[in-house]
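First comes the structure, then the notes that go with it.
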Amino acid sequence: MLAFLGISPTLVAGSPTYARTAPKAAPEGSPANGESLITVMNPAIAGKLATRSPLAPPLDKLDGKKIYMVNLSWEGPDAANYFYGAMTEWFDKHYTGVKTIVKVTAEGMFGSDPSIIKDIIASKADAAIVGVAG
Amino acid sequence: MSRWAKQIQMQCNIPAIGVASSNIVHYATGYVAKYQTGMPIRYVSVPFPFTGQPRAVDVGYVSGKDMLSGQPLMSAVVAALTGPLTAEEKISGAPPEEALESRLLPPDSEENLRMLFEDREWTDFNSIILPTERRVTEMLKGTSHKPDEVIKTINITGGARQLTVEKVAISAVMAGASPAHLPVILALATQAPFGNSTSSMANMLVINGPIRNKLKFNCGTNAMGPYNRSNAVVGRAFALMSKTAGDLRNNVNAWETLGNTMQYNSMCYGENEEALPDGWDPLHVETGFKPTDNVLSVGTGWSSIASVGASQSIYPTHYLMRDYMSSFCASGSAATIVIDPTVAGLLKGVHGFKTKAQLSEWFSQNVTKMNASYWGNGVIQSTAVPFALAGLEPYASWRKLPDDALIKPFTNPKAIHVVVAGGKVQTMWFVTDFGIRRGVKIDDWA
């Protein structure tokens, strides 16, 4: 039926590349489907897993807290500034005494900006929001 | 973004959460957490696209839903900042023992092995030469370097994978190369992996020096087409080693939204040094190498625009090139112009450009672009806006100009390269936005 509609049944079932499962290796020396077995080298390189770090303790409540909003300037700073502005309004409306600080990083999303960390410490911020990517 | 959030948590000991659109957050919480940060950063997610939207859309996301949990976004933010830590979020210390990749794969039929290579995304989905130990051993005869020598550690998407001479030789076999190609491919490995960006970039590989003729790289007719083994296998090897060594997998850690067909071969070609006009130096000499050095130069960019027109006296070819270059983003002032020898001859003989450098300088002085168009490019927004905000010129001044002001975005003529290739069959040229990095000496890898 699908073929009559101009749609391949394979397409609906999904890409065969991803639908199939990885083949199981046959026991060494035994033929698979009558073919002789060959041994090849592995092109992949094992990745090193990162050392685990725990999250910092969460806040017990938001009232009276200072939230530092880091604008990574993802394709420019405007979108995140709009977003953080609306977030600030939301906190003002729903919590008492929440203060926000918005800072744009000096080197964008790829760089580092030690002044941001210094500023977070100096401002005694209680939490941070980093973004916005996309 | 995860790197920033981790840094804040580690150095300030305060909760730091990330906000990202749905296209990115799974990468951030999956591959990045596993191989880069080791910290399960809490995220909330907005719809994609986020940037480039009218203000009302971005503001509206705040009152919308979190794309991860489905609950109101700000409720998710509050939960991420105040929710108690789970056992998973408290884990610290050395990671569990990594799963090693065996040097040899278990014996299997050719058909099954081909399927395995495709399932693991180790190929470009064109047929490969299976890398048997005998073939790889034979390939390694092309270099004096030891198989276990580490060329570089690839960590661009995490994992700190050590790319060895042997692993590169495996990719060279898979690409169909011969041992004579290995020094070129090893030089190329120093630049691996290829561009991997949501912006869908690609690479350009230019070969200079006597090795072009020794290995019969095509520098003439069809230099950039599928008509030559050396151009084909070296270009293809870059894709294969990038994917295997970089562990690049579609929708896992390779997020090029359109992808780029140029990644199949990375525009690999040789410069037609023999056809350069007098006074025009080859690319590698212009970038500081000796004429007798064998050099591989790698460029990164996105696109090219072609035209025929060098013979039209009513509008000289460099005027057309200038016009087309104004379409490019000019990130890093980079451009590479690839021209047929006939065009090079006209540019020198008729239009008076005695050197490539003079032509590059002319482009730098004469390519103009509307200010709004310059800042409208997402790459420029990501890279040049921070410079402008930091007061760096000319970006700071450009940001203050009216939208319709004309700027000269190619500020650095040394970043504008001219390469002569082609067979004198047509007055043809490509202007590209590829930025070429300093070359690598191939003989260092012989």
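The values are calculated or read from the model by the stated rules, or taken from the named source; none is laboratory data. Given the structure is predicted, the values throughout are model-derived calculations rather than measurements. For neighbour counting, all protein chains shown are included, and Cβ atoms are generated from backbone atoms with ideal geometry for every residue, glycine included.
Output yes when any residue across region A:80-94 is in a loop (DSSP other than H, G, I, E, B) and either at pLDDT 95 or above or closer than 26 Å to B:Ile24 by Cα (or both), and no when none is. No, the conditions are met nowhere in region A:80-94.
The residue list B:Thr132, B:Thr137 contains one member that is farther than 22 Å from B:Gly246 by Cα, among the hydroxyl-bearing types (Ser, Thr, Tyr), without any contact (Cβ under 8 Å) to a residue 60 or more places away in the chain and not assigned by TED's automatic domain parsing to the domain that holds B:Gly38, which is B:Thr137. Taking the numbered list (1) among the aromatic types (Phe, Trp, Tyr); (2) surrounded by 18 or more Cβ atoms within 10 Å (Cβ to Cβ); (3) at the interface with chain B (Cβ under 8 Å from one of its Cβ atoms) in turn, A:Tyr84 passes all entries but (3). Restricting attention to region B:118-159, the residues being at the interface with chain A (Cβ under 8 Å from one of its Cβ atoms) and either in a helix (DSSP H, G or I) or basic (Lys, Arg) (or both) number 5. Among the residues of region B:166-186, at least one is within 14 Å of chain A (Cβ to nearest Cβ) and free of Cβ contacts under 8 Å to residues at least 40 places away in the same chain. Against the criterion of being of a type in the set (A, V, I, L, M, F, W, C), more than 16 Å from B:Met325 (Cα to Cα) and within 14 Å of another protein chain (Cβ to nearest Cβ), B:Ala405 does not qualify. Within region A:48-68, the only residue that satisfies the criterion of being within 7 Å of another protein chain (Cβ to nearest Cβ) and not in a loop (DSSP other than H, G, I, E, B) is A:Arg52.
Looking across region B:365-377 at every residue that is in a helix (DSSP H, G or I) and under 14 Å from B:Ser327 (Cα atoms), the one that is nearest to the other protein chains (Cβ to nearest Cβ) is identified as B:Trp375. For region B:69-85, check the following and say yes or no: at least one residue is touching a Phe, Trp or Tyr at 6+ places or on another chain (Cβ under 6 Å), more than 7 Å from chain A (Cβ to nearest Cβ) and surrounded by fewer than 18 Cβ atoms within 10 Å (Cβ to Cβ). Within region B:69-85, not a single residue is touching a Phe, Trp or Tyr at 6+ places or on another chain (Cβ under 6 Å), more than 7 Å from chain A (Cβ to nearest Cβ) and surrounded by fewer than 18 Cβ atoms within 10 Å (Cβ to Cβ). Here A:Ile121 passes the criteria (1) more than 21 Å from A:Asp78 (Cα to Cα); (2) in a loop (DSSP other than H, G, I, E, B); (3) at the interface with another protein chain (Cβ under 7 Å from one of its Cβ atoms); (4) out of contact with any Lys or Arg (no Cβ under 6 Å at 6 or more places or on another chain) except the one numbered (2). One residue stands out among those in region B:90-117 that are farther than 30 Å from A:Pro58 by Cα, at the interface with another protein chain (Cβ under 7 Å from one of its Cβ atoms) and touching a residue at least 12 places away in the same chain (Cβ under 8 Å): the one that is farthest from the chain's Cα centre (by Cα), which is B:Glu110. Give me the residue from region B:1-13 that is within 7 Å of chain A (Cβ to nearest Cβ), over 17 Å from A:Tyr84 (Cβ atoms) and of a type outside the set (S, T, N, Q) and, out of that set, surrounded by the most Cβ atoms within 10 Å (Cβ to Cβ). Out of the qualifying residues, it is B:Lys6. Only a single criterion out of (1) within 13 Å of chain A (Cβ to nearest Cβ); (2) within 18 Å of B:Arg438 (Cα to Cα) is not satisfied by B:Val252, namely (2).
Of the conditions (1) of a type in the set (Val, Ile, Thr); (2) free of Cβ contacts under 8 Å to residues at least 24 places away in the same chain; (3) more than 23 Å from B:Cys12 (Cα to Cα), A:Thr96 satisfies every one except a single condition; which number is it? The one condition A:Thr96 does not meet is (2).
Report yes if some residue within region B:353-361 is more than 27 Å from B:Leu205 (Cβ to Cβ), in a loop (DSSP other than H, G, I, E, B) and either touching a helix residue (DSSP H, G or I) at 6+ places or on another chain (Cβ under 9 Å) or assigned by TED's automatic domain parsing to the domain that holds B:Arg438 (or both); otherwise report no. Spell out the reasoning first.
Looking only at region B:353-361, we keep the residues that are more than 27 Å from B:Leu205 (Cβ to Cβ), and these are B:354.
If we keep only those that are in a loop (DSSP other than H, G, I, E, B) as well, we get B:354.
Still in the running and either touching a helix residue (DSSP H, G or I) at 6+ places or on another chain (Cβ under 9 Å) or assigned by TED's automatic domain parsing to the domain that holds B:Arg438 (or both): B:354.
Yes, that holds for at least one residue.
Inspect region B:256-278 for any residue being touching a His at 6+ places or on another chain (Cβ under 7 Å) and in a loop (DSSP other than H, G, I, E, B) and give the result as yes or no.
Initially, region B:256-278 is screened for residues touching a His at 6+ places or on another chain (Cβ under 7 Å), giving none.
Within region B:256-278 (the criterion being touching a His at 6+ places or on another chain (Cβ under 7 Å) and in a loop (DSSP other than H, G, I, E, B)), the answer is no, since none of the residues qualifies.
Only a single item in (1) within 14 Å of B:Ala335 (Cβ to Cβ); (2) in contact with a helix residue (DSSP H, G or I) (Cβ under 8 Å, 6 or more places away or on another chain) is not met by B:Thr383, and it is number (1). Selection of first residues in region A:104-116 that are more than 8 Å from chain B (Cβ to nearest Cβ) and assigned to a loop (DSSP other than H, G, I, E, B) and of second residues that are among the hydroxyl-bearing types (Ser, Thr, Tyr) and surrounded by 16 or more Cβ atoms within 10 Å (Cβ to Cβ), restricted to Cβ pairs under 8 Å at least 6 apart or on distinct chains, gives the following pairs, ordered by first then second residue: A:Asp113/A:Thr105.
Here B:Phe48 meets the list (1) facing chain A (nearest Cβ under 7 Å); (2) in contact with a Ser or Thr (Cβ under 7 Å, 6 or more places away or on another chain); (3) surrounded by 20 or more Cβ atoms within 10 Å (Cβ to Cβ) almost entirely, failing just condition (3). Tallying residues that are farther than 12 Å from B:Ser171 by Cβ and of a type in the set (A, V, I, L, M, F, W, C) within region B:126-144 yields 2.
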